[in-house]
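Have a look at the structure below, then the notes.
Values quoted throughout were computed directly from the atomic coordinates according to the rules given, and no laboratory measurement underlies them. Treat the numbers as computed from the prediction; the structure is a model and nothing was measured. Every residue, glycine among them, receives a Cβ derived from its backbone with ideal geometry; neighbour counts consider all protein chains shown.
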Amino acid sequence: MNVHGPESMVQSQIEILPKRIRRNSRLSHLVLGCIMIVFSLVVGCGESQKTSSEVPETTTPVNQDALVVEDNNSTNETSSAVVETKPDLSNVNINLTADEIADGWISLFDGVSLFGWEANSETNWQVVDGAIVAAEGQPPGLLVTQVPFADYVLKAEAKLSEGGNSGIFLRTAKTPTNPAVDCYELNICDTHPAFATGSLVARVKPAREIKGDGRWLPIEIRVDGPQVTVMMDGEQVLDYSDETEAPLANGYIGLQMNGGRIEFRNLAIQPLGLNSIWNGDDLTDWRVVPESKTEFVVEEKELRGRGGLGFLETEQMWGNFVLQFAGKVNIASDNSGIFFRSQTGTDAKAYNGYELQIQNDVKEGDISQPANFGTGAIFRRAEARRVTSKDFEWFYATLVANESQFMVWVNGELVTSWKDDRTADENPRKGLRLDPGHLAIQAHDPTSDISFRDLKIVELPKLP
């Protein structure tokens, strides 16, 4: 849904008023006031209790598929380039089973685009036949995730041309300079004289020789605290514990081009270390925001909200984190959301936070056209590129919030990646909030009926 803001829409209505009305300033102001009241009632999610102190929001939602990614590293003067036209999203293939999705796995590659990645050099990364590819002759560089991950299991397949040089970088800086210090570099290079395929460069060699050139090499990596464990071809080849003075605790995932042709596919990650934020029995550690009209209850290990408008918020606050939960809309076209980095809710300011939208309606039956930003959107900021959830069915969501970057997966598929480039403000409805805030469950409508379970979160360690 295009949002131009109430003021611009009202102005367009004034322009079509009869001239005799526009000449009468008192009458035109009366008409303007009436139109503003009408628009305040019909525009936006969660607006039915708007107070007079709130400022109307006019941000146009981001078109995430017209993706231009630039290197933000101030030490690199060259402009990196991953430029995409909108792909055919009907061919999205995340290669995850229903059980894997329920277990918290999310895809890092949709098979058709580089959505969610950015390059740190001028390497021309492309999608070819369902794989991420950098052809021979390209300048060296990394393709890195737009958010960092701390503890996780990563699955991937890599295919390197004979004599080539590549790797997968773990907990890396966006532009690493020393693999012994600012990343864990899992090498893919059969011909490397010191740290061949299966090594962590400058740290440790594999337990046995691995030959991966010229074929698809299955890789599984577990990064958990100081421990890095690597499986290749289904067998463990490396088990490393970082006992240096400054073990890495958090960082980006990077795919390397360093010579020859390299291809990657079937990239997926399962975040580790998440802790439950709901005990499954009662509302301990949660509070109902004053003046909420929602009844929040626990039924058969489900946290359920009926009626609205209302909010249930956590006592605890989080800033940078990974959140996972299961949700279910129990009434057709219901509207809900999870608010995060929220200010404490009061009767006058119930919902001042970023909102992960829950709304499954689409236009013309096309899941790539959300009717109201779509489940997984950052409401008013960035539409979901596809609506992968349905009313009356459990869906699984993952939100990663890191500084000003937010990414949301629904049913294992990345649907939103948005960077908040607004000026700072303690209220996320008005500007960028980096400070920790509450999580809050919203039931939006008088007829709302929404369920949640398996709410889990982990704070992301500060990046080096």
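From the backbone phi of the range 392-404, what are the Karplus-calculated ³J(HN,Hα) couplings (6.51 cos²θ - 1.76 cosθ + 1.60, θ = phi - 60°) in whole Hz, Gly and Pro given as x?
Those phi angles translate into 6, 10, 5, 10, 10, 10, 10, 10, 10, 10, 9, 6, 9 Hz.
How much length, in nm to one decimal, is gained on full extension between residue 326 and residue 293, taken as 0.36 nm per residue of separation minus their Cα-Cα distance?
Values: separation 33, 0.36 × 33 = 11.88 nm, distance 2.31 nm.
9.6 nm is the gain from fully extending residue 326 to residue 293.
Let me check I've understood the local charge: for residue 279, count other residues with C-beta under 14 angstrom from its C-beta, Lys and Arg +1, Asp and Glu -1. What total comes out?
-3
For the range 343-401, run through the GluC sites (Glu not before Pro) and keep only the ones in DSSP coil with at most 14 other Cβ atoms within 10 Å of their Cβ.
364, 393
On alpha carbon coordinates alone, what is the Rg over Rh value for the range 277-459, Rh being the Kirkwood radius?
When Rh is taken as the Kirkwood radius, the ratio is 0.93.
Need the C-alpha centroid separation for the range 325-371 versus the range 85-131, integer Å.
Taking the Cα centre of the range 85-131 as reference, the centre of the range 325-371 is 25 Å away.
Note the per residue figure in Å³ for the convex hull of the C-alpha positions in the range 135-221.
Details: hull volume 9.8 nm³, N = 87.
Enclosed volume per residue, from the Cα hull, is 113 Å³.
Sum up the charges of everything whose Cβ sits under 12 Å from the Cβ of residue 265, counting Lys and Arg as +1 and Asp and Glu as -1, but leave residue 265 out.
-2
Around residue 318, what is the net charge, scoring Lys/Arg as +1 and Asp/Glu as -1 over all other residues with Cβ under 14 Å from its Cβ?
Around residue 318, the charge tally is -2.
Hey, can you grab everything whose amide H is under 5 Å from the amide H of residue 415? Only 5+ residues off in sequence or another chain; H modelled, so Pro and N-termini drop out.
408, 409, 410
Quick one: Karplus J couplings for the range 122-127, per residue in order, coefficients 6.51, -1.76, 1.60, θ = phi - 60°, nearest Hz, x for Gly and Pro?
Those phi angles translate into 8, 4, 8, 6, 9, 9 Hz.
Size of the dipole of the range 377-464 about the Cα centre, Lys and Arg at +1 and Asp and Glu at -1 on the beta carbon, nothing else charged, in debye to 20?
Dipole size: approximately 220 debye.
Please report Rg over Rh for the range 80-271, where both radii come from the alpha carbon positions and Rh follows the Kirkwood definition.
0.94
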